[in-house]
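The values are calculated or read from the model by the stated rules, or taken from the named source; none is laboratory data. Since we're looking at a predicted model, the values are computed, not measured. Glycine also receives a Cβ, built like all others from the backbone with ideal geometry; neighbour counts cover every protein chain displayed. Protein only, heavy atoms only, side chains kept; ligands, DNA and RNA dropped before computing areas. Shrake-Rupley method; radii C 1.70, N 1.55, O 1.52, S 1.80 Å.
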Amino acid sequence: MDSVYKTDENFAADVAALLAPLPTPQLQEYFNKLITSRRCNGIEVKNNGTIGKGVYANSEFDEDELILKDEILVGIQHSSNKVDCLVCSFCFRFIGSIEKQIGRKLYFKNLGVSGCCDDDSSEEDECVKYNGNEEQCGGSSSSHNTLPEGVVSSLMNGEMALPHTDKFPLPSPLSCPGGCQEAFYCSESCAEADWESSHSLLCTGERSESISREALGEFIKHANDTNDIFLLAAKAIAFTILRYRKLKAEHVDKKAKQSEPKQSLLLEAWKPVSIGYKRRWWDCIALPDDVDPTDEGAFRMQIKNLACTSLELLKIAIFDKECEALFSLEIYGNIIGMFELNNLDLVVASPVEDYFLYIDDLPDAEKEETEEITRPFLDALGDEYSDCCQGTAFFPLQSCMNHSCCPNAKAFKREEDRDGQAVIIALRRISKNEEVTISYIDEELPYKERQALLADYGFSCKCSKCLEDSSSI
């Protein structure tokens, strides 16, 4: 841990510069470009002197109207969920085929391995809904009928076709260009984008650009054994390093009279990460219910030490001397804290669920004939047939939306939303110049419980609902 603490000491000024708020003109310019690229010109990000930045309507929105589709800056599928769902490692669309999705799920289930929604999300995370229902993503089946190994293998290998799966085509999986056999993609463009943005440094394959694939493997194992949010933090650091290298290459021009200072290049590379509200992870993480308040100090130190161990492993794996400030514990803690405070659950509905619902809606005679083939597979899957892709991600524009216990918008996946983008729709009519707000918690909770949960985000809510509730106490 000494090398991590030395980085904090030796690069204190660089770390402070990275964590300093962007000047308002730069911040405004960045968000204006982002809004243009997202083609969501009905909103703008503005600074409010009281509560900081927020998202405001540039035009009126009707109830249920789409406000924003926001692309992921960095996101991950939860490690345990990879057993249940095969998705693109960049856009998180389901890939393969219905047969492959069913086959691999049954293969792992027969081995006694099941992810089944085992993630690190807390109950106060922003609730993502799909088609009007809270995503339950399937439940655990207490028992299931095991199918012969040969049948399962035939499904996985594409040697068996189930009826009507042609109605649910999925992109063929493409392997990682680095050869890691851990990342798969829906297209060449997604594979290339992921490689250029972060995966080239975090790939464990033969063509990885990491310093030590062995150390990288140890870092990944540590994250999977403790908290996979470290994998997301590693993506943010790798993303910044690769942006820095690209910016540096662009400035190393033989015709240029002088090159750009390294610090200014690093600040520019860091800009997409800098815009998120940050606090150190060990300071802002909610105290678990099973930790006594008298042990809070020890708990927060334990979390800090856990982050320090993770950073040490990552530093050995992908260290870049010119970006050394990124490997300070202060930066690492603030990156993870940013995710803790801003991330949205990444949820993509399963086409396997759609397939079985389609079978269930067939005319009686055709349904009976089809279910003679499909019923054994549904029985073998049990309640887990509907497991969705689950993860966590940082969305630049969505993260600017402030909280209200009586919000006018919500995160909501429509039938056509089949990738990892954040989708925000209006809960009611929103007037021009009105702030767009979402709820960070369950707004139906009693006043005191809401305030206690929101304290972990670092503020006390003073929305109209809270003001009314507080006056009646």
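For every residue, the table says whether it meets (1) on the phi < 0 side of the Ramachandran plot; (2) modelled with pLDDT of 95 or more; (3) touching a Ser or Thr at 6+ places or on another chain (Cβ under 9 Å).
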| site | (1), (2), (3) |
| --- | --- |
| Thr370 | yes, yes, no |
| Arg375 | yes, yes, no |
| Leu378 | yes, yes, no |
| Phe394 | yes, yes, no |
| Leu397 | yes, yes, no |
| Asn408 | yes, yes, yes |
| Arg428 | yes, yes, no |
| Ile441 | yes, no, no |
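Within segment 311-341, being polar (S, T, N, Q) and over 17 Å from Asn227 (Cα atoms) holds for one residue alone: Ser328.
Do you know which residues across segment 279-299 are loosely packed, with under 13 Cβ neighbours inside 10 Å and farther than 19 Å from Leu454 by Cβ? Selection gives Asp290, Asp292, Thr294, Asp295, Gly297, Ala298. Here Lys254 fulfils each of the conditions (1) over 30 Å from Met401 (Cα atoms); (2) modelled with pLDDT of 95 or more; (3) not in a helix (DSSP H, G or I) apart from (2). Of all residues in segment 60-94, exactly one satisfies the criterion of being of a type in the set (Val, Ile, Thr), surrounded by fewer than 24 Cβ atoms within 10 Å (Cβ to Cβ) and closer than 27 Å to Ile373 by Cβ, namely Val83. Checked against (1) touching a residue at least 60 places away in the same chain (Cβ under 8 Å); (2) within 26 Å of Thr146 (Cα to Cα); (3) open to solvent by 50 Å² or more (accessible area, probe 1.4 Å), Glu368 passes all but a single condition, namely (1).
When the test is whether a residue is touching a residue at least 60 places away in the same chain (Cβ under 8 Å) and either in contact with a helix residue (DSSP H, G or I) (Cβ under 7 Å, 6 or more places away or on another chain) or not acidic (Asp, Glu) (or both), Ile473 does not pass it. Flag: Ile424 does not match the condition of being modelled with pLDDT of 95 or more and more than 15 Å from Lys69 (Cβ to Cβ).
To keep it simple, each residue is scored yes or no on (1) under 30 Å from Met301 (Cβ atoms); (2) open to solvent by 60 Å² or more (accessible area, probe 1.4 Å); (3) touching a Pro at 6+ places or on another chain (Cβ under 9 Å).
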position: Ser3; (1), (2), (3): yes, no, no
position: Asp8; (1), (2), (3): yes, no, no
position: Ala13; (1), (2), (3): yes, yes, no
position: Pro23; (1), (2), (3): no, yes, no
position: Gln26; (1), (2), (3): no, yes, no
position: Ser37; (1), (2), (3): no, yes, no
position: Val45; (1), (2), (3): no, no, no
position: Asn58; (1), (2), (3): no, no, no
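So which residues in segment 198-245 are free of Cβ contacts under 8 Å to residues at least 60 places away in the same chain, under 20 Å from Cys88 (Cβ atoms) and not β-branched (Val, Ile, Thr), if there are any at all? Ser200, Cys203, Gly205, Arg207, Ser208, Leu242, listed by residue number. The selection criterion, being in a helix (DSSP H, G or I), in contact with an Asp or Glu (Cβ under 6 Å, 6 or more places away or on another chain), in contact (Cβ under 8 Å) with a residue 60 or more places away in the chain and surrounded by 15 or more Cβ atoms within 10 Å (Cβ to Cβ), does not hold for Ala380. Applying the criterion of being open to solvent by less than 20 Å² (accessible area, probe 1.4 Å) and among the hydroxyl-bearing types (Ser, Thr, Tyr) to the residues of segment 300-349, the residue that is farthest from the chain's Cα centre (by Cα) is Ser328. With respect to the conditions (1) free of Cβ contacts under 8 Å to residues at least 40 places away in the same chain; (2) assigned to a helix (DSSP H, G or I); (3) acidic (Asp, Glu), Asp283 lacks only one, and its number is (1). Scanning segment 416-473 for residues that are more than 21 Å from the chain's Cα centre (by Cα) and of a type in the set (Phe, Trp, Tyr) gives Tyr447, Phe459. Taking segment 399-458 as the range and being of a type in the set (Lys, Arg) and part of a helix (DSSP H, G or I) as the test, the residues that pass are Lys448, Arg450.
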